[in-house]
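Since the structure comes first, as structure tokens, the remarks are kept for the end.
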Amino acid sequence: RYAKAAAKGIRHRLDVSGATHVNLVCHSFGCLVSRLMLEADLEHLASEQRVVRWFTSAGVLAGARLARLYDNPDVQSVGGLLGLNISDWIMMNPDYVADHVALWDHDPRQGNNPLFRDMLIHHVAGTDPRVKSALNIQLLDLNNPGDEPNDGIMYTLDCYFHEHTNQAGLHAPVGPVMRSTRSLVHEYHEFVPDDPGTILLAAAGLFHQRKVLVTLR
């Protein structure tokens, strides 16, 4: 329902404005909605290559593992304090994402769908586990034996695409095929969009002409 509404809204704006392409920005659950819209090719936006830049902020791309506990009363209680819509958690369950959102190969962490071809994709993910809207509770670290980085709501590794096939990459006029890129900010999930670094990256990714790739090893 959400994805269909978003696709129809975008198609309407393209029609009334005369624009030929759109830049897509999303945060959290909105990124899961955006991914379904693109993978399912709703309103033919992906197959017609209408979406040319996609910027995600703390995105639910591979599902939110916290959503596996949607029927846990304690988690529901904390979720209410955080303003989380528990009714949407079933759709954020990684198993649901694998079956119903990652439609190309059912691998939530991979961006291999050829419909992503020639999109400039950049992900920003958070790494501060303290839930600032709930007395700095480190919610995910209450049961995190692998000590995975997280932003209090999402595990950081689930907020970006880890790999692409060449078919799903950006084919620039010169140079190698560009995969999606990612940046990390030390911020809690809900505050990631307001971080100055996120804002800078969004402006660069959505509106500027050059892309600089920095790899730290």
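The values are calculated or read from the model by the stated rules, or taken from the named source; none is laboratory data. Keep in mind the model is a prediction, meaning the values are calculated, not measured. Note that we place each Cβ from the backbone using ideal geometry, even for glycine, and neighbour counts take in every protein chain shown. Accessible surface areas use protein heavy atoms only, side chains included; no ligands, DNA or RNA. Shrake-Rupley method; radii C 1.70, N 1.55, O 1.52, S 1.80 Å.
The set of residues from region 1-33 being assigned to a strand (DSSP E or B) and open to solvent by less than 50 Å² (accessible area, probe 1.4 Å) comprises V22, L24, C26. Among the residues of region 144-180, just one is among the hydroxyl-bearing types (S, T, Y), open to solvent by 20 Å² or more (accessible area, probe 1.4 Å) and outside any loop (DSSP other than H, G, I, E, B), namely Y155. Scanning region 46-68 for residues that are under 17 Å from I121 (Cα atoms), in contact with a helix residue (DSSP H, G or I) (Cβ under 6 Å, 6 or more places away or on another chain) and open to solvent by less than 30 Å² (accessible area, probe 1.4 Å) turns up A46, F55, T56, S57, A58, G59, V60, L61, A62.
Taking residues in region 6-27 that are more than 26 Å from Y188 (Cβ to Cβ) and modelled with pLDDT of 95 or more, and partners anywhere that are among the acidic types (D, E) and part of a helix (DSSP H, G or I), the pairs with Cβ atoms closer than 8 Å and at least 6 places apart or on different chains are A7/E43; K8/E43; I10/E43; R11/E43. Among the residues here, D99 qualifies as under 30 Å from H171 (Cα atoms) and not in a loop (DSSP other than H, G, I, E, B). Number of residues in region 116-143 that are in a loop (DSSP other than H, G, I, E, B) and of a type in the set (A, V, I, L, M, F, W, C): the value is 3. For A125, the test of being buried (at least 17 other Cβ atoms within 10 Å of the Cβ), aliphatic (A, V, I, L, M), in contact with a Cys (Cβ under 6 Å, 6 or more places away or on another chain) and in contact (Cβ under 8 Å) with a residue 60 or more places away in the chain is passed. Here the condition is being touching a strand residue (DSSP E or B) at 6+ places or on another chain (Cβ under 7 Å) and closer than 19 Å to R53 by Cβ; of A168, A125, it holds for A125 alone.
Conditions (1) under 20 Å from G30 (Cβ atoms); (2) part of a helix (DSSP H, G or I), marked per residue:
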| site | (1), (2) |
| --- | --- |
| S183 | yes, no |
| E187 | yes, no |
| V192 | yes, yes |
| G197 | yes, yes |
| A204 | no, yes |
| Q209 | no, no |
| V212 | no, no |
| L216 | no, no |
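Candidates in region 175-217 are the residues that are modelled with pLDDT of 90 or more and basic (K, R); of these, the one that is farthest from M154 (Cα to Cα) is R179. Is at least one residue of region 184-196 farther than 21 Å from N136 by Cβ, surrounded by 10 or more Cβ atoms within 10 Å (Cβ to Cβ) and not aromatic (F, W, Y)? Looking through region 184-196, none of the residues is farther than 21 Å from N136 by Cβ, surrounded by 10 or more Cβ atoms within 10 Å (Cβ to Cβ) and not aromatic (F, W, Y). For region 128-143, the set of residues classified as open to solvent by 50 Å² or more (accessible area, probe 1.4 Å), more than 16 Å from L69 (Cβ to Cβ) and touching a residue at least 24 places away in the same chain (Cβ under 8 Å) consists of R130, K132, S133, listed by residue number. Among the residues of region 46-65, those identified as more than 26 Å from E148 (Cα to Cα) and either of a type in the set (A, V, I, L, M) or assigned to a loop (DSSP other than H, G, I, E, B) (or both) are A46, S47, E48, Q49, R50, V51, V52.
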